[in-house]
Amino acid sequence: MDKPTLPGFGKDSDTKAREAVDSMLRECGVDSGSPEFGVEGAFVGWSPFPAAALTHNRHNHFVSLLNLTDAEFAFVHDKYFNITSRSDPSDIDWALETITLHLWSIITGFCERFNHNVYLSHSRDGAHDGPFEYIDNDRSQWREEVVGYKHGLTTEHRLGDVCIFPRELSMRLMLLHRRRSHSFSLGQLVYQAMLAYEDSLSFNGSMFPMRQASVMDANLAYVVGVIEGCIAERGEHQVLIPETHHMYNQERDMYRHLYHAFRDFAQ
């Protein structure tokens, strides 16, 4: 449904967008396909900034860490991921954006989005590329844990070999995992947010039941295990690379102090 509305898909994009919406109502409308009642469910999110699918020259923007031979991994590691906090900001951004994309794919339970399903934001004047846009996530699933899922992690993933991660995002993920309980976790937060929509859903049932929250938490546990394993082996300063964005720089001390305080308390 999203593809015809993207810029660059032909002069008739607007008419194709209307056709796509009509077909969604016709084929997926509630009450035996009657369109006047609309369609229940979650749809593709969009962005306030211009975004484009990376349909060409994708590997100028990211690297898939699945199914790499040792020689391939050595090449991409030396070219893209051999960075420190003192590296050029553009090199840091490139590497951490790729790692973030993999973290997102693992937590959302679908690791095959790299063939076509990656989007890049742009400045409104089109002069600058921005970060990846996490949209078009209709293949995300939490029926099965990502490890062993046929579209998840069925082969060796090189995330733990790269062993660099965006620091503030990693601190947040580790904090969520370390402080999880029967009433607080990443999955619980998503579950509670989705409850706001329950009363308006009559046909499909819950959008995000508790069993899916448990799967999301298991996926997060895998990610945190990789991050903490790298820290134990190589040290925090080598593994956690500060993001270059100003919004993270303003908050970094808070999350770092919280994480260390909870870690020291647990020990």
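The values are calculated or read from the model by the stated rules, or taken from the named source; none is laboratory data. Predicted model only: the values in this text are computed from it and were never measured. As a convention, Cβ positions derive from the backbone with ideal geometry for all residues, glycine included, and neighbour counts pool all protein chains shown. Please note that ligands, DNA and RNA were not included when accessible areas were found on the heavy atoms of the full protein model with its side chains. Shrake-Rupley method; radii C 1.70, N 1.55, O 1.52, S 1.80 Å.
Quick look at the values:
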| quantity | calculated |
| --- | --- |
| Filtered residue count, segment 143-158, keeping only those that are surrounded by 16 or more Cβ atoms within 10 Å (Cβ to Cβ) and either within 14 Å of the chain's Cα centre (by Cα) or modelled with pLDDT under 75 (or both) | 2 |
| Residue list for segment 66-85, filter: closer than 19 Å to CYS230 by Cβ and modelled with pLDDT of 90 or more | ASP70, PHE73, ALA74, VAL76, HIS77, ASP78, TYR80, PHE81, ASN82, ILE83, THR84, SER85 |
| Residues that are among the β-branched types (Val, Ile, Thr) and in contact (Cβ under 8 Å) with a residue 24 or more places away in the chain, drawn from segment 138-179 | VAL146, VAL147, THR155, VAL162, ILE164 |
| Of residues in segment 120-142 being within 12 Å of the chain's Cα centre (by Cα) and among the acidic types (Asp, Glu), the one surrounded by the most Cβ atoms within 10 Å (Cβ to Cβ) | ASP136 |
| Single unsatisfied condition, THR98 versus (1) in a loop (DSSP other than H, G, I, E, B); (2) β-branched (Val, Ile, Thr); (3) modelled with pLDDT of 90 or more | (1) |
| Residue match in segment 102-119 (condition: crowded, with 16+ Cβ neighbours inside 10 Å, in a strand (DSSP E or B), at negative phi and modelled with pLDDT under 80) | yes |
| Selected residue (only one of ALA232, ALA193, ALA266, ALA261 is open to solvent by 50 Å² or more (accessible area, probe 1.4 Å), at pLDDT 95 or above and of a type in the set (A, V, I, L, M, F, W, C)) | ALA232 |
| Failed criterion for PRO131 (all others in (1) closer than 30 Å to ALA232 by Cα; (2) not in a strand (DSSP E or B) hold) | (2) |
| Residue within segment 70-89 that is without any contact (Cβ under 8 Å) to a residue 24 or more places away in the chain, surrounded by fewer than 13 Cβ atoms within 10 Å (Cβ to Cβ), hydrophobic (A, V, I, L, M, F, W, C) and part of a helix (DSSP H, G or I) present | yes |
| Residue within segment 177-190 that is surrounded by fewer than 19 Cβ atoms within 10 Å (Cβ to Cβ) and closer than 14 Å to TRP104 by Cα present | no |
